[in-house]
Amino acid sequence: MPSIDTMNTQNVWKNVLEEAEQALSRASFHTWFRKTELASLSDGIATIHVPNEFSKEWMETKYRHLLLKLLRNAAEDIRDVVFVIHSGESKQKTSHRTASLPDTHTIPLPLTTPRINRETNLNPRYTLESFVVGPSNELVHAAATAVTKQLATLYNPFFVWGGVGLGKTHLLHAIGNAIAKEKNLKVRYITSEKFTSDFVSALRTRTVETFRERYRSYDVLLIDDVQFMGGKEKSQEELFHTFNELYSQERQIVFASDRPPRSIPELEERLRSRFEGGMIADIQPPDFETRLAIIHNKAKERGCSLDEETARSIAENVHRNIRELEGALNRVLAEAKDSAIRLSSRQVRRMLANNNNDSQHKVTFKDIVHCVSRYYDLEEKALFDKTRRQEVVRPRQVAMYLAREVLKLSFPSIGVKFSGRDHTTVMHACTRIQEEINSSGPITEELQTLHNTLREYEEGGEDV
Amino acid sequence: MLISVERNQFLKGLSIIEHAIGRSPTLPVLGYVLLKTVDNILELTATNLELSITTRISAKIQTPGVISVPYRTLGGLLHNLSHAIIELKGVRETLEINTPAQKAKIQGGAVNEFPLIPDVKTKNIIRFQNPHTLTEDLDSVLPAVAASDVRPELNGVLLEVGEEETVFAATDTFRLAVRSTKDVEAKEPKVAILPKRTAEVLSKLMRDAKHVDGHLSLTQALFTDGTTSIVSRLIEGSFPDFSAILPKQESAAIRLSREEFLQELNAASLFTSRLNDVSLTIQPQKANLLISAHNPDIGEYETAVKGAAHGQKITLAFNYRYLIDGLAGFSGDQQIDFVFVGEGKPGLMRPANTKDERNVYLVMPIRTNA
């Protein structure tokens, strides 16, 4: 008989199976024939592969005659049937499948990838050492230092928030630099904007897999300005998965934002709760002494020395924002160079006042009322009502405090504005809020956000 | 093009290049095979853009030419032709296949659409004198290659050609397999990460070669035994510096018969829980290794493998698959040393009586508090 091709044996076996299916019940056909195949037909002997010992036994005793008959229908000269156990292939397949499941129980090897000129996107100018520490940012600096010492184990994620120009970005870069310098790990600093645009372009060019690979390969991921994630659902989802992947592999993640997670609008709950899952630290505007120290530091960086008086007058005039502080310093230094004379403190003040006037549209009492009522979700007129309902009382106190703090109004005049209340009521309100601030209650965050909103009014005069 | 080839040879050639046949709905040409006459041989080429394989078979060339046809149609047809000699005739983009009895016409594709195979030939040839050990080394580190591509640099096999020896390594962060060989001649040191698939194909196709020549460029590699050539992309990035994590101390060690250990692990593996965990205790006093596995739904198993041991009594739990993968990488009836470093620290396997850091398998234990 001519040697029969593999193709041919397959055809023979197919015919046999078709006939066997008709001859047997569905259940027994599926149980015994599904995993069999005809391995070879030679010298009148048909070799059939069966998956295990048990089915070999069964086939031999129950179906031997049937098979022989059916095989003879297909190829006449078959004299005998031999069953051979053959499970190699199926066994391999299962082991492959289970092996590809991610292992979460075994401790990973402490492998590090040497950094090879891969862009970390870090500015080496920003270091933890050059970050001026004062009472307003002590905590956040300590936490950042701790993060660099105990990567991914102590505070993960680390969430920094604070107003514009208070050093969030500096801190993020500083954390990255410290880690990159000491540990030789893959560090990456990006803004949330960059994350989003990378993701969008990955979607467009259908390279989402590469995008994921890249973002999930970092040992330390620093994401700035996460508040811009608000409302971007797909990006949030992607960030969520990236976060989970990194977190489960014990990689450090640091976020910065201009407001706390719960104040970021349109942020998905699952992402918010993850932001809040580690350590949240806020940076407050620096106090006078810190500002002074910063001015001296910056001046030194530029290689100039500043006399105490000038430094003081700059620190007195610019108090909200360190970036503006730097700008003010630059202006003073430039002016001093031009006129080649030492500036008196009055000149400095006038210069800075000039400048401030452009941007400092005054916040009005109306702005405060609008802002507070929006924040606490009240009707504006509720603040003026003669009610002592708790949900109104506190916002009213906050509004009074802000009127005193921001507008520097006198207690009686504030009282008058709030439907003729007594000045002692206003004083009481201010003391209450101050007490809360001192005991660092939730008020600190609330005020910070309110201040930020007010600033937006002030800068753009925009109707939020 | 008009040539005649021997059917079996042709089929063998096709089965070699099949490893590089791609399936891409957007680039159907990756499912094509390029047939090209060179002097008196027929060259078969397939590529999936990452990996390209070219092989040569002898043929009787009447008119030279080149044509590209879908692999599946050509391969499927050849399996069903029974004549020993087949005539191939290329007419523009159509390939006619004739035997005395059969006639087939396969619609091919434009030859100039077939991807160009990068030319990686360099002057610095890396010569693998003994392809058998190349296969063996690759096969023993391949199981440790990371299955996921989260970290691309771990998704392949490190090939580090040094002056003294050549090192192969792979890790998925849970285990690390390292092998070295001296059977490699090279003019200058080279480092590359071969994608997993390339390493697999290399091991499979070069098994019976006389010797294999390798050329490494920055992004591509070429391996050839004279007949078959494999050109592959290399993984960019740098492989972790594993020498830093190879343990320098040991708390306990035991010398075991590889086969006995493997057999007992296989038995214990039937009783493991979902974590695939077996618990191993080196008992220096009793000169044995206690293996136990326990699954409340299945039952439990305990066994002791005899072996000379020293150090302190220490217990670690491992994923048995990792242990079996590691043992499978050592050959035959070897004795192996199994070293425990400490709790939460890796276990280390190496052939007995060597302190060679370049022939080890490192495996991390399972968290005990998990």
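The values are calculated or read from the model by the stated rules, or taken from the named source; none is laboratory data. Predicted model only: the values in this text are computed from it and were never measured. All Cβ positions, even for glycine, are placed from backbone atoms using ideal geometry, and neighbour counts span all protein chains on display.
Annotations for the structure displayed:
- B:Ser15 vs. criteria within 14 Å of chain A (Cβ to nearest Cβ) and closer than 30 Å to B:Ile235 by Cα: yes
- Among the residues listed as B:Ala147, B:Ala169, the single one being small (Gly, Ala, Ser), under 20 Å from A:Asp103 (Cβ atoms) and crowded, with 19+ Cβ neighbours inside 10 Å: B:Ala169
- The range A:225-237 - residue that is outside any loop (DSSP other than H, G, I, E, B) and touching a strand residue (DSSP E or B) at 6+ places or on another chain (Cβ under 6 Å) and, of those, nearest to the other protein chains (Cβ to nearest Cβ): A:Val226
- Across the range A:239-261, the number of residues qualifying as part of a helix (DSSP H, G or I) and crowded, with 20+ Cβ neighbours inside 10 Å comes to 5.
- Qualifying position, being surrounded by fewer than 17 Cβ atoms within 10 Å (Cβ to Cβ), touching a residue at least 24 places away in the same chain (Cβ under 8 Å) and among the acidic types (Asp, Glu), among B:Glu160, B:Glu153, B:Glu200, B:Glu188: B:Glu188
- Out of A:Glu250, A:Glu213, A:Glu245, sole residue that is within 14 Å of chain B (Cβ to nearest Cβ) and on the phi > 0 side of the Ramachandran plot: A:Glu250
- Consider the range A:183-210 and keep the residues that are surrounded by 18 or more Cβ atoms within 10 Å (Cβ to Cβ) and of a type in the set (Gly, Ala, Ser). The one that is nearest to the other protein chains (Cβ to nearest Cβ) is A:Ala202.
- When the residues of the range B:176-185 are filtered to those that are within 10 Å of B:Asn130 (Cα to Cα) and in contact (Cβ under 8 Å) with a residue 24 or more places away in the chain, the one that is farthest from the other protein chains (Cβ to nearest Cβ) is B:Asp183.
- For the range A:154-168, a residue qualifies if it is part of a loop (DSSP other than H, G, I, E, B) and of a type outside the set (Val, Ile, Thr), and the qualifying residues are A:Leu154, A:Tyr155, A:Asn156, A:Pro157, A:Gly163, A:Gly165, A:Leu166, A:Gly167.
- Of the residues making up the range B:203-235, just one is within 14 Å of chain A (Cβ to nearest Cβ) and without any contact (Cβ under 8 Å) to a residue 40 or more places away in the chain, namely B:Leu218.
- In the range A:155-182, the qualifying residues are those that are of a type in the set (A, V, I, L, M) and in contact (Cβ under 8 Å) with a residue 60 or more places away in the chain, and the one that is surrounded by the fewest Cβ atoms within 10 Å (Cβ to Cβ) is A:Val164.
- Out of A:Arg320, A:Arg251, A:Arg259, A:Arg302, one residue alone is in contact (Cβ under 8 Å) with a residue 40 or more places away in the chain, out of contact with any Phe, Trp or Tyr (no Cβ under 9 Å at 6 or more places or on another chain) and not hydroxyl-bearing (Ser, Thr, Tyr). It is A:Arg320.
- Filtered residues of the range B:280-291 (kept if without any contact (Cβ under 8 Å) to a residue 60 or more places away in the chain and crowded, with 16+ Cβ neighbours inside 10 Å): B:Thr281, B:Ile282, B:Gln283, B:Pro284, B:Asn288, B:Leu289, B:Leu290, B:Ile291
- Here A:Ile107 meets each of (1) over 27 Å from the mean Cα position of the chain (by Cα); (2) modelled with pLDDT of 80 or more with one exception, condition (1).
- Residues within the range B:343-355 that are more than 12 Å from chain A (Cβ to nearest Cβ) and more than 23 Å from the chain's Cα centre (by Cα), tallied: 4
- When B:Thr198 is tested against (1) within 17 Å of the chain's Cα centre (by Cα); (2) in a helix (DSSP H, G or I); (3) farther than 30 Å from B:Gln9 by Cα, exactly one condition is not met: (3).
- Of residues in the range B:351-370 being among the polar types (S, T, N, Q) and in the same structural domain as B:Gly329 (by TED's automatic domain parsing), the one nearest to B:Leu256 (Cα to Cα): B:Asn353
- Just one residue in the set A:Lys62, A:Lys35 is touching a residue at least 40 places away in the same chain (Cβ under 8 Å) and either over 12 Å from A:Phe83 (Cα atoms) or assigned by TED's automatic domain parsing to the domain that holds A:Phe83 (or both); that residue is A:Lys35.
- Search result, residues across the range A:169-224 that are aromatic (Phe, Trp, Tyr) and assigned to a helix (DSSP H, G or I): A:Phe195, A:Phe199, A:Phe211, A:Tyr215
- Residue in the range A:262-283 that is within 14 Å of chain B (Cβ to nearest Cβ), of a type in the set (D, E, K, R) and exposed (fewer than 15 other Cβ atoms within 10 Å of the Cβ) present: no
- Selected residue [under 17 Å from B:Asp139 (Cα atoms) and more than 14 Å from chain A (Cβ to nearest Cβ)] from B:Arg358, B:Arg321: B:Arg358
- When the range A:426-452 is limited to residues that are out of contact with any Gly (no Cβ under 7 Å at 6 or more places or on another chain) and aliphatic (A, V, I, L, M), the one that is surrounded by the fewest Cβ atoms within 10 Å (Cβ to Cβ) turns out to be A:Ile437.
- Some residue of the range B:241-252 being basic (Lys, Arg), modelled with pLDDT under 95 and closer than 25 Å to B:Ile336 by Cα: yes
- Unique residue being crowded, with 18+ Cβ neighbours inside 10 Å, away from chain A (no Cβ under 12 Å) and at pLDDT below 95 when the list is B:Asp277, B:Asp337, B:Asp333: B:Asp337
- Given (1) within 14 Å of chain A (Cβ to nearest Cβ); (2) in a helix (DSSP H, G or I), number of the condition B:Leu158 does not satisfy: (2)
- Among the numbered conditions (1) touching a strand residue (DSSP E or B) at 6+ places or on another chain (Cβ under 8 Å); (2) within 30 Å of A:Glu250 (Cα to Cα); (3) in a loop (DSSP other than H, G, I, E, B), the only one that B:Pro143 does not meet is (3).
- For beta carbons closer than 9 Å, sequence separation of 6+ or different chains, a first residue in the range A:190-206 that is in contact (Cβ under 8 Å) with a residue 60 or more places away in the chain and a second that is surrounded by fewer than 18 Cβ atoms within 10 Å (Cβ to Cβ), the qualifying pairs are A:Ile190/A:Asn121; A:Ile190/A:Asp198.
- Count of residues meeting criterion [within 14 Å of chain A (Cβ to nearest Cβ) and of a type in the set (Asp, Glu)] in the range B:236-269: 2
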